Amino acid sequence: MTNIISTHQLTRTFGKFIAVNAITFEVREGEIFGFLGANGAGKTTALKILTGLLSPSSGSATVAGFDVKKQPEQIKRRIGYMSQKFSLYEDLTVRENIRLYGGIYGLKMSEIKSKTAILLEKLQITEEADKLVGSLPLGWKQKLAFSVALLHEPKIVFLDEPTSGVDPLTRRQFWELIYEAAANGVTLMVTTHYMDEAEYCDRVSIMVSGKIEALDTPRAMKASFGAEDMDEVFRKLARGV
Amino acid sequence: MSKAKITAENLSKSYGSVQAIKDINLSVQEGEIFGLIGPDGAGKTTLFRILTSLLLPDSGAATVAGLDIVKDYKRLRTVIGYMPGRFSLYQDLTVEENLEFFASVFGTSIRENYDLIAPIYVQIEPFKERRAGALSGGMKQKLALCCTLIHKPEVLFLDEPGTGVDPVSRKEFWDMLRNLRQQGLTMLVSTPYMDEAELCDRVALIQKGEIMAIDTPKGITASFRQPLFAVRSDNMYQLIKDLREFEGAADCYAFGEYAHLKLEQLSESWKLSESSIHDFLLSKNHRNIEVKPAEPTVEDCFIELMKN
């Protein structure tokens, strides 16, 4: 299996503070990879480096075959990204958002048109196409944002707490979209504070104080920590309780 | 019979054409931790803002600590503590300055009520010279809770204290709330995390501005009557899709490492269902199949109520 992300001793410091401390890991093509850690563990900094938004202080990493230090612009073109905090423009309509992102990623007008129709149909929101995104329920927005992040057919999509605050039903519908994307060969790197969602990942890593302290399948990780569920693994690792 | 510290009768509020909350009725007893459980947009914050006198309802009435939320709003504000969902302390003041500021606004001092905040404050006291904006998420929560407590309120309103906070910090926060309850504080806590319902004395499940159920966590789960199974195999996505086709399946959704399968009704015996589910999955080429009866959780109940 080929690796779509590969890091070696990746490090980022801010002054004296070491936010990311020599992390080395791989993400395989087509897997759902859970990137977990407590607040302040360094997840966001690592994600910023991997999405080409921040340069590492030392070490190296490649994403989709490109070097994060030398080719960040190439990386940005080939990845998708969504988070709860930033996803779509609330004061644009559904259709306008799709057109905007399609344009940013260099899709042709004809492609944008056909993809818009498919996307609206799939999410069953054709009737809402000309409504402002701000007027949609959060769950719909998140599903739409994810679909928009997939518009340019990226090989890998980064999802930063995509289901935070979403109702339990929509949260599951969202995960089915993730499964579906993975079944189509897309690699997904997901952060979440819902530990039940950690169970849905093929493999997970847990960051503690800038380092990756554990990386394995959820089942193997639970076995090696003698834990009932991922919540317990997380607590044992993050606080030693 | 203990007395009600919070009462709400038929509270409704609309913003233009959007009905944020609709005919909310609830009462919270003295010393209770009452959970308001629901997703973003359910109306939790609107209800909090009405009960803390920051927003007027369109209709209905409510009291907090025996005070009317409209007529007695000035006195009401002195006896409640309100921790809004968004971090709302002064980022450019230090930990200690924030605490001093909130104490002085309520005409008191850190020293006067130190005992109440001590168990929490000692954890952040080593950083008292640090600006609030430079604290980690968990520490910000602790400071915000101290600032909410510094005037010794009777009733605490905590709006989504756990959102965006990691599971370890969330657990610590709940431990603190339980300590506060022992001191007689009444608390209304909102959360989108269903598993936190179990930590409350009673909960209201809220969705689209309406309360779907109010009960103890045990009472909520006892209302779930259909047979429920936890099932797993090597391919979760395919498993869920296949189980939905199982004869008698009412619903199927991911639940941690298992899928939860809800059946229409108990046809013959649980054991029989178990083995027929197992055989069905074998015929669909699943591997490493495990099927067992599952205890319904508050989250299962929430999903069921949402679908009805």
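The values are calculated or read from the model by the stated rules, or taken from the named source; none is laboratory data. Everything quoted here is computed from the prediction, not taken from an experiment. Positions of Cβ are generated from backbone atoms using ideal geometry, with glycine treated the same way; all protein chains shown enter the neighbour counts. For the accessible areas, the whole protein counts, side chains as well, though only heavy atoms, and no ligand, DNA or RNA atoms are used. Shrake-Rupley method; radii C 1.70, N 1.55, O 1.52, S 1.80 Å.
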Share antiparallel - DSSP beta bridges, segment B:4-222, percent rounded to 5: 55 percent
Accessible area (Å², 1.4 Å probe, nearest 10) - A:Arg28: 90 Å²
Derived scalar couplings ³J(HN,Hα) [segment A:191-196; Karplus, 6.51 cos²θ - 1.76 cosθ + 1.60; whole Hz; x for Gly, Pro]: 10, 7, 9, 8, 6, 5
Karplus-derived 3J(HN,Hα), 6.51/-1.76/1.60, for each residue of segment B:281-298, Hz, glycine and proline x: 5, 4, 5, 9, 6, 7, 10, 6, 7, 9, 10, 8, x, 10, 7, x, 10, 4
Segment B:228-307 - percent relative contact order, Cα under 8 Å, separation 6 or more: 39 percent
Highest-fluctuation residue, B:Leu199, B:Leu177, B:Leu239 considered, GNM on chain B with Cα pairs under 10 Å: B:Leu239
Calculated [θ] (222 nm, deg cm²/dmol) that DSSP helices of n ≥ 4 give over the protein assembly as shown, each run adding -39,500 (n - 2.57): -10500 deg cm²/dmol
Prolate/oblate/rounded call for segment B:217-261, Cα gyration tensor, a/c under 1.5 rounded: oblate
Heavy-atom accessible area, 1.4 Å probe, ligands and nucleic acids excluded: residues of segment A:153-175 down by at least 20 Å² from chain alone: A:Ser164, A:Gly165, A:Asp167, A:Pro168, A:Leu169, A:Arg172
B/A buried area, accessible surface, summed, 1.4 Å probe, Å²: 2700 Å²
Cα Rg, Dmax, chain B, angstrom units: 22.8, 72
Per residue solvent-accessible surface (Å²) - segment B:26-100, probe of 1.4 Å: 43 Å²
Karplus 3J(HN,Hα) series, Hz, for segment B:34-39 with 6.51 cos²θ - 1.76 cosθ + 1.60 (x for Gly, Pro): 10, x, 10, 9, x, x
Chain B: angle of helix B:95-105 to the longest principal axis, Cα-based, in degrees nearest 10: 70 degrees
Selected from B:Leu93, B:Leu76, B:Leu36 as most flexible by GNM, with chain B as the system and alpha-carbon contacts under 10 Å: B:Leu93
Radius 13 Å from Cβ of A:Thr62, net charge of other residues (Lys, Arg +1; Asp, Glu -1): +1
Sequence-distant residues sharing a close amide H with B:Leu156 (under 5 Å, placed H): B:Gly81, B:Thr186, B:Met187, B:Leu188
Candidate residues A:Glu96, B:Glu245, A:Glu128, A:Glu73: accessible-area rank, largest first, probe 1.4 Å: B:Glu245, A:Glu73, A:Glu96, A:Glu128
Heavy-atom accessible surface of the protein assembly as shown: percent carbon and sulfur, 1.4 Å: 48 percent
Lysine pair number, Cα distance threshold 16 Å (strictly under), segment B:228-307, separation 8 or more or different chains: 6
Under 19 Å from A:Lys131, Cα to Cα: lysines that are on another chain or at least 8 residues apart: A:Lys113, A:Lys115, A:Lys122, A:Lys141, A:Lys143
Tail beyond 16 Å, pair distance distribution of segment A:127-241 (Cα, percent): 64 percent
